[in-house]
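**Q** Take a look at this one; I'll ask things after.
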Amino acid sequence: MPAESSSESPNDAIVSTWRAESARLVGALTRMTRDLDLAEDLAQDALVAAMEQWPAAGVPDNPGAWLMAVAKRRGVDHFRRADTLRRKTAELEHAHAGEEATVPDLTDQVDSIEDDVLRLIFLSCHPALTPESRAALTLRLVGGLTTAEIARAFLVSESSMGQRISRAKKTLVVQRAEFELPSGPERTARLGDVMAVIYLIFNEGYSATAGEDWMRPALAEEAMRLARMLVAFAPDDVEVLALQALLELQGSRMAARLDSSGEPVLLEAQDRARWDPLLVRRGLAVLGRAEELASRGEPVGKYFLQASIAAEHARAGRAEDTNWRRIAALYDVLASAAPGAVVEVNRAVAHGRAFGPDAGLAVLAEVDESALGDSPLVASVRGDLLERAGSHAEAAEAFAHASAVTNNESERSVLTRRAEENLASAATT
């Protein structure tokens, strides 16, 4: 890929090139060497070479191809030194005819390279790995994030995250995971795993489960990038399209989720002029493609329904214009298609807005709170519904309980404030 602008510094070019090309680089090298660890090492060697050479020699016209050529040369050197893998040396040297003498032009290899990235995504989301390990490995191999960056995102030490990633790679070796695209029913099942990992990454960025920050935008943005990448691989899959639409629409709100002092702002109080119009347009356009496919009889699932809900919010110019009855109906369908405690809690919110707080409390009463562990979700929603019903003392109690169990400091400040406000209201009634 060319440098983004003539004014881009070599260091900036290295960062942007690595983010854009690392997955293609590692994927292609894994295909050539059949060794994920070696592929990562070769890619890192090429990155180090760029850091050493580009500041003095300038940014190449095709930085991605430059990295690939350097990594392949390092690979050839590695196998020559090993001396027992001459066959693999030949495979590397002749992986693409005519590349040995010149810097390879990746534009002539788009299909192969993009398939390599898809293989890498499926490999990172192997069913033998835990969801947390899948997320970490995906961010490392496909997102190009460092172990330190991933550790910061998930609030663990760098050494712990390094061990998690290392164990995940060892598991892939033990499982003899193939660097090939699954087919048939296995591909369908694995595609679901991939989407679940991308959604997990987005949710951790959009609403951090722990720490001081309300959000981690970089993590949410990376998930959006991965979702767009997945659509390029499966452009006619309704759920893949819907996942991208869902993330774009929810992601459009991020700038409005904090006020000028950094305090969290809940959905109904947000300044919708601060929602990102590009992300809204992109999300609605992608959802439109999914809706067209669905109208032809293609099956829909939980991402389509959630994207449809997000679209109702995006289409409402003001909070009071929100079609809550439509949202409640969509949640009713979602509860049948993808039952779960979180869906039921959100269904309670929708019913509370559409039909009054008592209706929401009735739905919430049926939620199995044990399925959510120590999450503050049920208590915070109960507090909101009780507040709307005018039961301020009970609302204060619910908000205080939610505040006590949350692990996120920003969320705790919001819940504590609402508990205090309701206590004050109760005292005056």
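Values quoted throughout were computed directly from the atomic coordinates according to the rules given, and no laboratory measurement underlies them. Since this is a predicted model, take the numbers as computed values, not measurements. Cβ coordinates were reconstructed from backbone atoms using ideal geometry, including for glycine residues, and neighbour counts include every protein chain displayed.
**Q** Between THR188 and GLU158, what's the calculated FRET efficiency when r is the beta-carbon distance and R0 is 35 Å? Round to 0.05.
**A** That pair, THR188 with GLU158, gives E of 0.45.
**Q** Something else now. Once you place label points 7 Å from the Cα toward the Cβ at VAL173 and ALA393, how far apart are they in nm?
**A** 6.5 nm
**Q** Scan around LEU258 for amide H atoms under 5 Å from its own, H built in the peptide plane at 1.01 Å from N, and keep only partners 5 or more places away or cross-chain.
**A** Counting only residues 5 or more places away or on other chains, the set is VAL265.
**Q** Please express the Cα-Cα pair-distance distribution P(r) of the chain as a list of whole percents, one per 10 Å bin, running from 0 to the bin with the greatest distance.
**A** The calculated distribution, bin by bin, is 4, 18, 28, 24, 14, 8, 3, 1, 0.
**Q** Over the chain, calculate the relative contact order: mean separation of alpha carbon pairs under 8 Å at least 6 apart, over the residue count, as a percent.
**A** 9 percent
**Q** Shifting gears a bit: Round to the nearest 10 and give me the degree value, 0 to 90, for the angle of helix 63-82's Cα axis relative to the longest principal axis of the chain.
**A** For helix 63-82, the angle is close to 60 degrees.
**Q** Using the alpha-carbon atoms, what tilt in degrees (0 to 90, nearest 10) does helix 184-206 show relative to the longest principal axis of the chain?
**A** That works out to roughly 60 degrees.
**Q** I want to check the label-to-label distance for GLU298 and SER261. Put each point 7 Å from Cα in the C-beta direction and report it in nm to one decimal.
**A** The answer from the label model is 4.7 nm.
**Q** Residues of the range 217-241 with the amide nitrogen closer than 19 Å to a label point 7 Å from the Cα of ALA148, along Cα-to-Cβ, please.
**A** 218-219
**Q** Testing the spin-label approximation: label points 7 Å from Cα along Cα→Cβ at ARG228 and GLU132. State their distance in nm.
**A** Result: 3.1 nm between the two label points.
**Q** Also: Taking the chain as the reference, fit the longest principal axis to its C-alpha atoms, fit the long axis of helix 277-295 to the helix C-alpha atoms, and give the angle between the two in degrees, 0 to 90, nearest 10.
**A** With rounding to tens, the tilt is 90 degrees.
**Q** What is the calculated FRET efficiency for ASN203 to GLU52, with r their C-beta to C-beta distance and R₀ = 30 Å, to the nearest 0.05?
**A** Efficiency, rounded to the nearest 0.05: 0.20.
**Q** A further question follows. On full extension of the chain, what length is gained from THR416 through ARG80, given 0.36 nm per residue of separation minus the C-alpha to C-alpha distance? It would help to have the intermediate numbers written out before the result.
**A** Values: separation 336, 0.36 × 336 = 120.96 nm, distance 6.43 nm.
Extra length from THR416 to ARG80 when fully extended: 114.5 nm.
**Q** Next question. For the range 133-253, what does the alpha-carbon gyration tensor say about shape, rounded, prolate or oblate, given a ≥ b ≥ c as the root eigenvalues, a/c under 1.5 as rounded, and a/b over b/c as prolate?
**A** Values: a/c = 2.41, a/b = 1.06, b/c = 2.27.
In terms of gyration-tensor shape, oblate.
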